[in-house]
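In what follows, a single structure is set out as structure tokens and then discussed.
The values are calculated or read from the model by the stated rules, or taken from the named source; none is laboratory data. These numbers come from a predicted model, not from an experiment. Don't worry about glycine lacking a Cβ; one is built from the backbone with ideal geometry, like all the others, and counts go over all protein chains shown.
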């Protein structure tokens, strides 16, 4: 297991920055590194942070207007012509509106279009349910040949963007609008694929992705104070899923709680249940959005309403552990105490 | 109907030609292939495919810069078939041009075939893009053309796409129309197979397209209207389109659906229905082939 190099202040005074800001920096760096990188946007250049790339490489930037279906299909054509296209819009519209075009002209067509879905999750806040994309993880992970990545913070988003450009293939990168805590450091590793164990524990696996990894860390700290040893597994790459790392953790703890700012149906929660049901049956509690739409409100208040803050996750974990016996644990991970 | 029936024409690749009679002959060979393929498969879309034979023939045997021996030739022109349900005409054209064996046409729609029901890039040489869901070929062609013209500054290559007229009901088409006009994609040449039919009936009943020339001109396209079953008209239109460097060209090609098979012509029911063996024999006779 490689060291993740958590920010030492993550639990006390984390720095805040929108995850999408990291994408903007990463795209600029990717553009500097490889002239095949091009960028397309659907009238949301600054809010998806593509202006850094546009201003540096105006000839390699394409403004398609408010036309998400055209954006990804033009990108597919550009990919066929040898480019590495990044498309950006809000996740509610891309992949929300253009899913079939992504499937047919990028994934099935084997073209390395990289779809950026910004403003995903309930942290969009005041814009309400229409703009709070909660189904994107589910929609994209069901697509054969599609990679799905949800970085935990802006630093990881920056690395993920560069990694995607360096290994072009059909991909979905999920970003968020609101300022969220930076959990990692410039030294933290990022590769497409691996899950990262941020905190080791043996009572339960807290398996989180995207913005929720920070809240899982907070929950684990609170649980430790109550004598509960929670392992925190960060899953930035939801597809292809790091099955070995997940199974190793659940094999050790015998129980898992998945945490995501998205629909639990078919999302990370669905993915973990599909994996464990076949390979290591264990009780799984899926935290996230429970088969309903979002609503207007302050992002922090919404997070509370949907019971996704660290303290609420800790509370839900403690309560659930009371009534959910752990599954058989792997012999190599039996409790030592 | 066995696979070797596909090979009644001399099985050799036809070469590029400027000869009108030769082009007409190739189109007719391709039409016979289409009838046999769809009849053998027992399903497929003969109507539009038959009507498009001259368009594909002139593109692949006269207008386009390509090399069947090197499908990925970096200096080639690129053709995006947007109305992917007309795959039989693309497959027959590619086979007759030498991209793959003509005998393979007999495997259309069969399990394990490279000739999928709708074209899929990556398995069959010469297929530039996966298509079937309508409306997305023009924007892919526009993306490719934008790279050539406005990013890589390549001036001698052209990008072609083919759409059905019913396909114009799709919103994605008009998003692409605006895009190509904005970026002045003079290296982009589109065709509309204007055969006036779609699955549910006449295009003007299902969703009126009205004045297509005016529509495309208003999006800053150069527009030509031709008889799409006349090889000379098609060749001339392609030549003229190449000369128009300041705007993309849309060639509205009036075609006869089911062209060459009297009982299929103009009948929208043959959009997506395969002929019976007896009907296929009748069709092949009408097309001048050996049944």
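Exactly one of (1) touching a residue at least 12 places away in the same chain (Cβ under 8 Å); (2) outside any loop (DSSP other than H, G, I, E, B) is unmet by residue B:246. Its number?
(2)
Just one of (1) in a helix (DSSP H, G or I); (2) out of contact with any strand residue (DSSP E or B) (no Cβ under 7 Å at 6 or more places or on another chain); (3) more than 14 Å from every other protein chain (Cβ to nearest Cβ) trips up residue B:210, so point out which.
(1)
Got at least one residue in region A:217-225 being surrounded by fewer than 20 Cβ atoms within 10 Å (Cβ to Cβ), in a loop (DSSP other than H, G, I, E, B) and in contact (Cβ under 8 Å) with a residue 12 or more places away in the chain?
no
Mind listing whichever residues of region B:171-191 are assigned to a strand (DSSP E or B) and under 18 Å from residue A:70 (Cβ atoms)?
Passing the criteria: B:188, B:190.
So which residues in region A:119-139 are within 12 Å of the chain's Cα centre (by Cα) and either part of a helix (DSSP H, G or I) or not assigned by TED's automatic domain parsing to the domain that holds residue A:98 (or both)?
A:136, A:137, A:138
Among A:299, A:281, A:311, which is in contact (Cβ under 8 Å) with a residue 12 or more places away in the chain, exposed (fewer than 14 other Cβ atoms within 10 Å of the Cβ) and touching a helix residue (DSSP H, G or I) at 6+ places or on another chain (Cβ under 8 Å)?
A:311
Please verify whether region B:61-79 includes one or more residues that are within 10 Å of chain A (Cβ to nearest Cβ) and surrounded by 19 or more Cβ atoms within 10 Å (Cβ to Cβ).
yes
From the residues in region A:94-127 that are at the interface with chain B (Cβ under 8 Å from one of its Cβ atoms) and without any contact (Cβ under 8 Å) to a residue 40 or more places away in the chain, which one is surrounded by the fewest Cβ atoms within 10 Å (Cβ to Cβ)?
A:100
Being out of contact with any strand residue (DSSP E or B) (no Cβ under 9 Å at 6 or more places or on another chain), in the same structural domain as residue A:20 (by TED's automatic domain parsing) and closer than 26 Å to residue B:126 by Cβ: is that true of residue A:103 here?
Answer is yes for this residue.
Taking the options B:168, B:124, name whichever one is more than 9 Å from every other protein chain (Cβ to nearest Cβ), outside any loop (DSSP other than H, G, I, E, B), surrounded by fewer than 24 Cβ atoms within 10 Å (Cβ to Cβ) and within 20 Å of the chain's Cα centre (by Cα).
B:168
So if I check each of A:33, A:76, A:39, which one is in the same structural domain as residue A:116 (by TED's automatic domain parsing) and closer than 18 Å to residue A:100 by Cβ?
Answer to the check: A:76.
Give the residue that is nearest to the chain's Cα centre (by Cα), with candidates limited to residues of region A:282-326 that are closer than 20 Å to residue A:220 by Cβ and assigned to a loop (DSSP other than H, G, I, E, B).
Restricting to residues being closer than 20 Å to residue A:220 by Cβ and assigned to a loop (DSSP other than H, G, I, E, B), the top hit is A:308.
Filter region A:29-43 down to the residues that are within 14 Å of chain B (Cβ to nearest Cβ) and closer than 13 Å to residue A:161 by Cα and list them by number.
Let us first name the residues in region A:29-43 that are within 14 Å of chain B (Cβ to nearest Cβ), namely A:31, A:34-43.
Scanning region A:29-43 gives A:31, A:34, A:37, A:38, A:39.
Is it true that some residue in region B:86-100 is out of contact with any helix residue (DSSP H, G or I) (no Cβ under 7 Å at 6 or more places or on another chain), more than 14 Å from chain A (Cβ to nearest Cβ) and part of a loop (DSSP other than H, G, I, E, B)?
yes
Taking region A:61-93 only, how many residues are crowded, with 24+ Cβ neighbours inside 10 Å, more than 7 Å from chain B (Cβ to nearest Cβ) and over 30 Å from residue B:73 (Cβ atoms)?
Qualifying residue count, region A:61-93: 5.
If you take the residues of region A:44-60 that are exposed (fewer than 15 other Cβ atoms within 10 Å of the Cβ) and either within 20 Å of residue B:143 (Cα to Cα) or in contact with a strand residue (DSSP E or B) (Cβ under 8 Å, 6 or more places away or on another chain) (or both), which of them is nearest to the other protein chains (Cβ to nearest Cβ)?
If we take residues in region A:44-60 being exposed (fewer than 15 other Cβ atoms within 10 Å of the Cβ) and either within 20 Å of residue B:143 (Cα to Cα) or in contact with a strand residue (DSSP E or B) (Cβ under 8 Å, 6 or more places away or on another chain) (or both), then A:59 is nearest to the other protein chains (Cβ to nearest Cβ).
Can residue B:173 be described as farther than 28 Å from residue B:227 by Cβ, surrounded by 22 or more Cβ atoms within 10 Å (Cβ to Cβ) and either within 9 Å of chain A (Cβ to nearest Cβ) or at pLDDT 95 or above (or both)?
Against the criterion (farther than 28 Å from residue B:227 by Cβ, surrounded by 22 or more Cβ atoms within 10 Å (Cβ to Cβ) and either within 9 Å of chain A (Cβ to nearest Cβ) or at pLDDT 95 or above (or both)), residue B:173 does not qualify.
Please go through region A:173-208 and pick out each residue that is without any contact (Cβ under 8 Å) to a residue 60 or more places away in the chain, in a loop (DSSP other than H, G, I, E, B) and crowded, with 19+ Cβ neighbours inside 10 Å.
Matches in region A:173-208: A:190, A:195, A:201.
Quick test of your reading of the structure: residue B:130 fulfils all but one of (1) at the interface with chain A (Cβ under 7 Å from one of its Cβ atoms); (2) assigned to a helix (DSSP H, G or I); (3) closer than 18 Å to residue A:113 by Cα. Name the failing condition by number.
The failed condition is (2).
Considering only residues that are assigned to a loop (DSSP other than H, G, I, E, B) and within 7 Å of another protein chain (Cβ to nearest Cβ), which ones fall in region B:135-155? Even if it seems obvious, please write down each step before you answer.
Going through region B:135-155, the residues assigned to a loop (DSSP other than H, G, I, E, B) turn out to be B:135-136, B:152-155.
Passing the criteria: only B:136.
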